[in-house]
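The values are calculated or read from the model by the stated rules, or taken from the named source; none is laboratory data. As the structure is a computational prediction, the values presented were derived from the model and not from experiment. All Cβ positions, even for glycine, are placed from backbone atoms using ideal geometry, and neighbour counts span all protein chains on display. To get the accessible areas, we keep the full protein, side chains included, count just its heavy atoms, and leave off ligands, DNA and RNA. Shrake-Rupley method; radii C 1.70, N 1.55, O 1.52, S 1.80 Å.
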Amino acid sequence: MAMFPHISLIFLSSIVSIATSYTVLILIEYISRRKKAIHSRSKVLAILALGSGFFGMQVIGILTFAAEYRFTPRFELLALGLVTACLLAAYIVKIIPKGIGSRSEMTKRIILSAFLVKAVHFLGLSGILSVRFSAISASYYLLSAIMVLGVTYFGFRFVQQSNAKQVTERQRLINAAIMGAVLTLLHYTSTNTFYSNMALPPVVGDGLWVISTAVFVALIVSLLLVFAANLALVDLHALETETGLLQQVKASENRFRTLAYTDQLTGVPNRHWFFAHLREVLDSADGNLKTIGVVLLDFDDFKSINELIGQDGGDEFLKKIVERLKAVLPESITLARLSGDEFIFAVENAKKADLEQLCQNILLVAEEPVHIGERSVSSGVSLGISCQEVRELNEENLIKQADLALFMAKSAGKESYRFFSPELLDSSIRKQEITSALQQALVNGEFSVHYQPQIELVSGRVIGFEALLRWNSTLGAVPPSEFIPVAEECGAIHSIGEWVLREACQQLKAWRKEGRPDVHVSVNVSAKQFLDPKFAEKVSSILIATDVPARCVEIEITESVMIDLDTAAGLVEELQDIGVKLAIDDFGTGYSSLNAVKNIQIDTLKIDKSLVDEVLGSDRSMAILATIIELGKNLGADVVVEGLETLEQVNLMKQYEIIGQGYYFSRPLPADKAVRVWDKYLEQPDGLFHAPILY
Ligand code: C2E
Ligand code: MG
Ligand code: MG
């Protein structure tokens, strides 16, 4: 017997189906976005609403067919159907947040959901129309089962797609309508499979009560659905606001982070960024990161640039030079500003040779002048590098070591780079020891002056003595080559230098008082001391205090004082006004020796030992030395050759009618011993060639 669905109930079941689909979509969206944060009560409500939605949809659908027949509902089966529908809902709620999963997972889910769908359907049918299992047509059942599988599959895909993007309300409604329609269609196809060979009771009445029951079920179900959907929608809205707020907070946090991590002047990251970055690199270091190199960069003359072109000009200079440095560094390396004119960068998996190349490139670009307005200024840089194996370093040490290396690069004459090494640490410790020992050296009377005679080679006459400082310290005898640079750095050179000059002048005065022949004393003066604007004044007051004629005192300077020629020329003039003599020491060792003698009037040219050493056996060296001697003479200066150690050297130099100084004649000696050497020369002028060497 053919069965035809009641038309008004078809409409009603379609509405319930669409409403259920709509709620399903909202709940799915809600569950997948809220994930674990859903309260268990909301979950239960969602399951109940969905379960009753599924089941109500079935019941109304079945009633649609049953409107014109008499039947006795079996409530225990209907209750079981409702429970099964809730189980189906619970299963869906459980798997939605997990996403679609693997192929086998998906197959498992589809089969289980399809089975539950069919079970709900069968229980609904049995509960209302007392359908027995035997009444089912196998072929129709198989067909409907395949359809359910297909629909479940597309249902999952559909859910997955709508999960991936934010859905608008309109889209959600369209989706719900499609889903609802498909479900309704499926239901009627599916239900038909049961009726092909069913014998139903005769018609009784107009079936109004069936329609009323269906409407009642629809009402209850709709109420539940609306309630659940509404709760989910309200919470989703709150979630959206919350997400929006969170995004805003995150954006301002990011803005703040960028500000806090960026140097406002140059736009490169600042020290906070660098430390955080380094920490991060070290923390996340896996087996691939073996070494880290940190390079610290400091401008040598930034202070003078600021003085020359003002603070704003200095800022402009930094901005421009930073661009230049960035261009030299590979993209993977980020330059950061540590402070004032100090910059830093880290190199992962650094090799010594690469770091060296990088530093050389930086030295080159830093040398080129920068144009600021009308002026062009330049400042060399010094670089300190620390390169360590990742497994044995911490970032604080890394930076400290680079800092020490930078310090050593600066001490070694700037515009250079140094790698940190344990020896460097030793020398820095030694330097610190010397620095602190120097503070007390004068007060403790640890200094003394030794005198080395200067001999006129032709006559064998002693014409002067060079005063050389000696320090017998708590650290033992420290040579001047070691402690003078430290004294220059810590500023102690001013008081020490003054003491040497006074001491030498007092000694000269004592010799003069004893009636000894007229000689001069040469006193070494370091660049720092010489460039002190009060230097000439100090010299003058010492001369007055010791009552020594200015012409008997010679100040030995090196070409390094000529870096700032204008200042140097002024100071030289002041000294010449006083009447002291001026000698250029260690001539021939630097690059700008000629520049030094070209610009100032000097009294003595002291040729460095290194030039004399090469003379024997080398005609070229001899030619150079002869030219320098000639140059000195042409400038009207006395020429002294330092470091004469052998008779052969002395004989060779004698022909040039110059002055000699060196161990051959005498080592630098304390005044009393120096006088004995001097006396020998007075006794036998020809003693020049048989000089007694006293130690
Ligand atoms: P300098 O002014 O060139 O002094 C000459 C150096 O050569 C002295 O070394 C002297 O002992 C050494 N010398 C002299 N003849 C010979 C020789 O035949 N063979 C060899 N191998 N060496 C010879 P010293 O005394 O160790 O001084 C080293 C440097 O320290 C000096 O070089 C000078 O630049 C600096 N210095 C010494 N005393 C003072 C001082 O009172 N003030 C300042 N600012 N610097 C000083
Ligand atoms: Mg000297
Ligand atoms: Mg010298």
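Some observations on this one:
- FRET efficiency, Val44 to Leu173 (Cβ-Cβ, R0 25 Å, nearest 0.05): 0.40
- The convex hull of the Cα atoms of segment 452-516, projected and averaged over all directions, covers 6.0 nm².
- Between Ser427 and Leu87, the simple spin-label model (points 7 angstrom out along Cα→Cβ) gives 8.5 nm.
- Unsatisfied cross-links (Cα-Cα over 32 Å) in the set Lys250/Lys351; Lys410/Lys538; Lys431/Lys509; Lys414/Lys606; Lys351/Lys609; Lys320/Lys534: Lys250/Lys351; Lys431/Lys509; Lys351/Lys609; Lys320/Lys534
- Angle in degrees between helix 395-411 and the longest Cα principal axis of the chain, rounded to the nearest 10: 30 degrees
- Computed from Cα positions, the angle between helix 480-490 and the longest principal axis of the chain comes to roughly 60 degrees.
- Counting all C-alpha pairs of the chain, share separated by more than 45 Å (%): 55 percent
- Two-site FRET efficiency, Glu630 against Ser481, from Cβ-Cβ distance with R₀ of 22 Å, rounded to 0.05: 0.15
- Multiplying each eigenvalue of the alpha-carbon gyration tensor of segment 271-420 by 5 and taking the square root yields semi-axes of 28, 15, 13 Å, largest first, rounded to whole angstroms.
- Global geometry of segment 432-687, whether rounded, prolate or oblate, following the gyration tensor of its Cα atoms and the 1.5 cut on a/c: rounded
- Put a dot 7 Å past the Cα of Phe256, heading toward its Cβ, do the same for Leu594, and the two dots end up 6.5 nm apart.
- For segment 342-361 and segment 601-644, distance of Cα centres in Å: 42 Å
- Heavy-atom accessible area for Glu415, with the other protein chains in place and a 1.4 Å probe, reaches approximately 90 Å².
- For segment 271-420, averaging the sequence separation of C-alpha pairs within contact (under 8 Å, six or more residues apart) and dividing by the residue count gives a relative contact order of 32 percent.
- Percent of beta bridges antiparallel (DSSP, the chain, rounded to nearest 5): 60 percent
- Working note: Debye formula, equal point scatterers on the alpha-carbon atoms of segment 201-349, no solvent; log10 I(q)/I(0) at q = 0.09, 0.15, 0.17 Å⁻¹ is -0.55, -0.93, -1.04.
- At a probe radius of 1.4 angstrom, the accessible area of the chain per residue rounds to 50 square angstrom.
- Carbon/sulfur fraction of accessible area - segment 432-687, other protein chains in place, 1.4 Å, %: 50 percent
- Relative packing of 397-409, 624-636, which averages over residues the other C-beta atoms within 10 Å, highest first: 397-409, 624-636
- Residues of segment 104-128 with amide N under 20 Å of a point placed 7 Å along Cα→Cβ from Ile146: 107-108, 110-119
- The length gained on full extension between Met622 and Glu307, counted as 0.36 nm times the residue separation minus their Cα-Cα distance, comes to 108.8 nm.
- A straight Cα-to-Cα reach below 15 Å connects Lys352 with the aspartates and glutamates Glu389, residues fewer than 8 places away in its own chain not being considered.
- Contact order for segment 432-687, expressed relative to its length and based on alpha carbon pairs under 8 Å spaced 6+ residues apart, stands at 22 percent.
- Average Cα contact separation per residue, the chain, under 8 Å, 6 or more apart, as relative contact order %: 9 percent
- Helix 169-195 and the long axis of the chain differ in direction by around 40°, with both axes built from C-alpha atoms.
- Full extension of the chain between Ala353 and Gln247 gives 33.6 nm of extra length, using 0.36 nm per residue less the Cα-Cα distance.
- Fraction of beta bridges assigned by DSSP in segment 432-687 that are antiparallel (%, nearest 5): 45 percent
- Efficiency of FRET from Cβ geometry, Ile578 and Arg516, R₀ 30 Å, rounded to 0.05: 0.80
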